[in-house]
Structures are given as structure tokens and as C-alpha cells.
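J.: Can you keep this structure in mind? I'll have questions shortly.
Derivation of every value follows stated rules applied to the coordinates shown; laboratory data play no part. As the structure is a computational prediction, the values presented were derived from the model and not from experiment. Methodologically, a virtual Cβ is constructed for each residue, glycine included, from the backbone with ideal geometry; neighbour enumeration extends over all protein chains shown.
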Amino acid sequence: MLIRKNNPVPLAATDQIALILLDLSGLFNRIKSMFDIDKQIAHWRSGAEEDWQVACELIEQGRIRHGMFFAHLALEKILRAHVCMATRELAPPTHNLVRLAQNGVPTLNSQQMDLLAEVNSFNIEGRYPELLLPLPTTAEAKDYLKRIGELVECLKTLF
């Protein structure tokens, strides 16, 4: 049971949750103010480059699940850089590529947004292989890499 400072009346569970969320929100805002956004942008951009190279290497080695996961990760990181640049704040804690794009890259067309939605599933497959989601074939993975690579290049030109 949580008791408010200076008020001995116990709080209801919903009030307790609301106070906890307010505390967490305030903490997140204090943490955000401690970060140098330009360093965050540089961090996400360099991480995206490295993860993109790893994705390509893994697909070439036939390691489809891991390669597609790293392709997702490369997109996630470059999108995080865009969110930081657009908002001058830390990107939200999500792996959802569509949501990140909506927060930082309003110029993407519907085909690019559809690709982001498709690639989202590779985040799940990479993190939870026990779900046994069907993997793309090697040919499909290479096609994804081509399309993702084009999107990555497009996103890089927007900086």
C-alpha cells in the first residue's frame, strides 16, 4: 500500500499506478535532458552503417534469420537518428519501424512505409525464434536486402 507524503490516506491501486507513471515520466524527461542529441544522431547513424554491413554478410552466408534481423536493426537505427534530428529529443523506446518513421521522416511514400511494416516481422523472428515464423527464402531475402538498401540510401540522403 502506497501512502502519499504529508497525507496518511492510502491510495487506490489506480492512483498508485498513476503516480508511478508520473514518476517514470519525470525520470525519463530528466534522463533525456542529459543527452547530447547530436552525439545520439551520430551514434545511431554509425550503428546503422555497421549493422547494414553485417546484415549483407549474414545473408550472403545463408544466415537468413540473423541477416534479416540485422537489416531491421539497421533501419531502426537510421530511423532513430531521424527522430532525434526531427524532434531534438531521444527516440521513443520502440522497435516498430513504422512508428519511428512517423515520428521522424514524414516524407516516406506508401511503398516505403509498407516495406517498413513488412520488415517489422524480422525483429520478432530475430528475437523470438521459438515462434517458428516462416523465413524468407534466400532469393526473397536478397530481394528484401535490395529494397531495404535502397531505403537506407534514401534515408541517408535526408540528413
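J.: Can you tell me which aspartates and glutamates have their Cα less than 13 Å from the Cα of residue 142? Leave out same-chain residues fewer than eight positions away.
T.: By straight Cα distance, residue 142 reaches 57, 60, 150.
J.: By how many nm would the segment from residue 107 to residue 146 grow when fully extended, if each residue of separation counts as 0.36 nm and the alpha-carbon distance is taken off? Don't jump to the answer; show the numbers that get you there.
T.: Numbers: separation 39, 0.36 × 39 = 14.04 nm, distance 2.03 nm.
So the chain would gain 12.0 nm between residue 107 and residue 146.
J.: Within region 57-159, list the trypsin sites (Lys or Arg not before Pro) lying in a DSSP loop whose Cβ has at most 12 other Cβ atoms in a 10 Å radius.
T.: Values: sites: 63, 65, 77, 80, 88, 99, 127, 142, 146, 147, 156; in loops: 63, 88.
The qualifying sites are 88.
J.: In sequence order, what are the phi-derived ³J(HN,Hα) couplings for region 50-66 according to the Karplus relation 6.51 cos²θ - 1.76 cosθ + 1.60 with θ = phi - 60°, rounded to whole Hz, with x for glycine and proline?
T.: Those phi angles translate into 5, 5, 5, 4, 4, 4, 4, 5, 5, 5, 4, 7, x, 9, 4, 4, 6 Hz.
J.: Using the count of nearby Cβ atoms within 10 Å as a rough guide to exposure, how do 144, 128 rank from fewest to most? Please report the intermediate quantities before stating the final value.
T.: Numbers: 144 22, 128 10.
With the fewest neighbours first, 144, 128 line up as 128, 144.
J.: A further question on this structure: What order, most packed first, do the peptides 45-55, 129-139 have when packing is the mean number of other Cβ atoms within 10 Å of each residue? Each step should come with its number before you reach the end.
T.: Details: 45-55: 18.3, 129-139: 10.8.
Highest mean packing first, the order is 45-55, 129-139.
J.: What's the FRET efficiency of residue 124 with residue 99 using the Cβ-Cβ distance as r and R₀ = 25 Å, to the nearest 0.05?
T.: Calculated value: 0.95.
J.: Same structure again: With 10 angstrom as the radius, rank 84, 154, 56 by how many other C-beta atoms surround their C-beta, starting from the fewest.
T.: On the way: 84 24, 154 15, 56 18.
The order, fewest Cβ neighbours first, is 154, 56, 84.
J.: What does the charge add up to near residue 112, with Lys and Arg as +1, Asp and Glu as -1, over the other residues with Cβ less than 15 Å from its Cβ? Intermediate results must be reported in sequence, preceding the final value.
T.: Values: positive: 99, 146, 147, 156; negative: 76, 114, 118, 150, 153.
Value of the local net charge: -1.
J.: Report, in whole Å, the centroid distance computed from the Cα atoms of region 120-159 and region 30-87.
T.: 13
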